[in-house]
Amino acid sequence: MAAYDRLYADLLKERDKVASDMDKLRAAGKNRGATYQQLLAQKLTVQNLIGRFEIYGIKEM
């Protein structure tokens, strides 16, 4: 179970980093570029994984 908790914590960190990177690009007016679109796809993937963890009872504290 500890491995799942570590994975979940890493996903939360990645979600926050991706959101921060997206905010920086948005502030620079680059929210239509390829990098922004890739980050958006990554954000959605990570959010999906976090949601699956939460379905099985592993939640953010």
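Just so it is clear, none of the values below were taken in a lab; they were calculated from the coordinates. Quick caveat, the model's predicted, so the values are computed rather than measured. When we count neighbours, we look across all protein chains shown, and the Cβ atoms used for this are built from the backbone with ideal geometry, even at glycine.
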key: Flag if Asp5 is exposed (fewer than 14 other Cβ atoms within 10 Å of the Cβ) and in contact (Cβ under 8 Å) with a residue 40 or more places away in the chain   = yes
key: Selection status of Arg32, loosely packed, with under 13 Cβ neighbours inside 10 Å, part of a loop (DSSP other than H, G, I, E, B) and not hydrophobic (A, V, I, L, M, F, W, C)   = yes
